[in-house]
1. At 0.36 nm per residue, and after removing the present C-alpha to C-alpha distance, how many nm does the segment from Ala305 to Phe134 gain when stretched out fully?
2. What is the extension gain from Phe207 to Ala233, computed as 0.36 nm multiplied by their sequence separation minus the C-alpha to C-alpha distance, in nm to one decimal?
3. Helix-only estimate, please: 222 nm mean residue ellipticity of the chain, summing -39500 (n - 2.57) across DSSP H runs of length 4 or more and dividing by its residues, to the nearest 500.
4. May I ask you to compute the full-extension gain from Ala144 to Ala47, defined as 0.36 nm times their residue separation minus their alpha-carbon distance, rounded to one decimal in nm?
5. According to a simple spin-label model (label point 7 Å from Cα along Cα-to-Cβ), what is the distance in nm between Val167 and Ala215?
6. Around Ala336, with a cut-off of 10 angstrom between Cβ atoms, what is the net charge of the other residues, counting Lys and Arg +1 and Asp and Glu -1?
7. Quote the relative contact order of the stretch 63-462 in percent (integer), defining contacts as alpha-carbon pairs under 8 Å separated by 6+ residues.
8. Within 15 Å, Cβ to Cβ, of Ala383, how many net charges do the neighbouring residues add up to if Lys/Arg are +1 and Asp/Glu are -1?
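Bear in mind these aren't lab numbers, they're just calculated from the coordinates by the rules spelled out. Keep in mind it's a predicted model, so treat the numbers as computed, not measured. As a convention, Cβ positions derive from the backbone with ideal geometry for all residues, glycine included, and neighbour counts pool all protein chains shown.
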Amino acid sequence: MSPLALLVDRVRSRSSAAATPQPAGGIDAPDERVRADDRLAVARARAQHRWFSLFLYLLGPGIIVMLAENDGPSMLSYATTGATYGLGFFIPFIVVTFAMAFVVQELTARLAIATNCGHARLIFERYGAFWGRFALADLIVGNALTLVAEFIAICAGARYFGVPPLVAVAGTFAIVVASFTLGRYRLWERVVIGLAVGNSVFIPAAFFAHADPHAVMGSFAALGAPPVTGHPALFVTLCMANIGATVTPWMIFFQQSAVVDKGLTRADLGQARLDTALGATIAAGAAIATVVAASPLFFHHIDPANLSSGADFASALRPFLGNAGASLFALGMIEAGLVAVMTISTSSAYAIGDVSHRGASLNLEFTDGRLFYLTGLVSVAVAAAIVLIPGAPLLAITLTVNVIATLLMPPALLFLLLLINDRELVGDLANGRLANLAGVTVIVLVAAAGAAYGLMTAFPQLVPR
């Protein structure tokens, strides 16, 4: 039997097993026993037509991945955007980027349901060790850089409240450790959702800015008219930062593994799409609110280049948002960084545990998933140690992280599109023409932004002054 045939056979057997709820006693793997109990609860809710309960059972991976991507670097990118350009082009641009994110993550959820296999392992098994290692390196490098930026955001927000960086870092690490001791994906998911909802604090912060509602709504007419003021390189950099704030490789790896860990099946595809769409909508609202909240800095001609962190942004905004608005902004930075640390470290753990075949599930006890949990904890510990080194240009690092995320995204998107079009692998859940058009459009836009940035970096003399 060919390697592809073996892979297809394994995928189909895993999918068949996952699609049928079974009593815990009939399944050998520890994580499968827990997952089967959850599937029984879902099956009962569906059979009894308890649709709201069913929605709550299936809610999770989509809303988490979208709100977690509103992380520290992302919120600082949005704040820098609002402070640099005010209300206008970037508000509808953010809506477009979240539409792109929905396209990507819907493909991811569908691929997970079709194969019941994590993204990293699927690439290894389908395309071989070379491309598997390439995709894994793409993920790990991006995650390592992003985790450092998350701790920068947490420390910045905490500093506004007078909390020392060491205390903020230690507290974050303790929360991650505690979440890994739950031994149940569903409990971990509920904890993260509870924290992720805190991303909405940027919305009331925006109201303190007293922005003209007509100006906010009118900005949607500016999508076809990019701002003509400012340096073109800065505009392209902020475009890339905003794209990288919504579409990144870790989101694909995390959501695909989370859908598998949750045990979603073909019957749940509609709810998985709704979950992802809801997450994208809430996250887009919080992102736009951050732009609005920071826009007073633009109108009062305060240069964001002089603001090195979230604490500086909150302090600079205090005269315009008041103590309450500035405090919400700083609190939002802490929340954004914390949720991202929990999810990004878990995406690394999923990938390493999956490709090593040594367990990749939050349903495992530590003894059964030692490599999985250690990967997540070590990645967090290393990032925490790096961020305590003084003297780094904090705002530059956070913006650069999102730019790098955009540069790393095309290969991840290409693998995703190839896999979801592999009909022998995913069957009738493969892409149709419209889905392929949407996927290719996203790849082209992300690649074009990366190419523009690369040309401006390599040939600065061509950039108009």
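1. Contour length minus Cα-Cα distance gives 58.0 nm.
2. 6.3 nm
3. It lands at -25500 deg cm²/dmol.
4. Full extension from Ala144 to Ala47 adds 30.5 nm.
5. 3.7
6. Summing Lys and Arg as +1 and Asp and Glu as -1 gives -4.
7. 37
8. Every neighbour counted, the sum reads -2.
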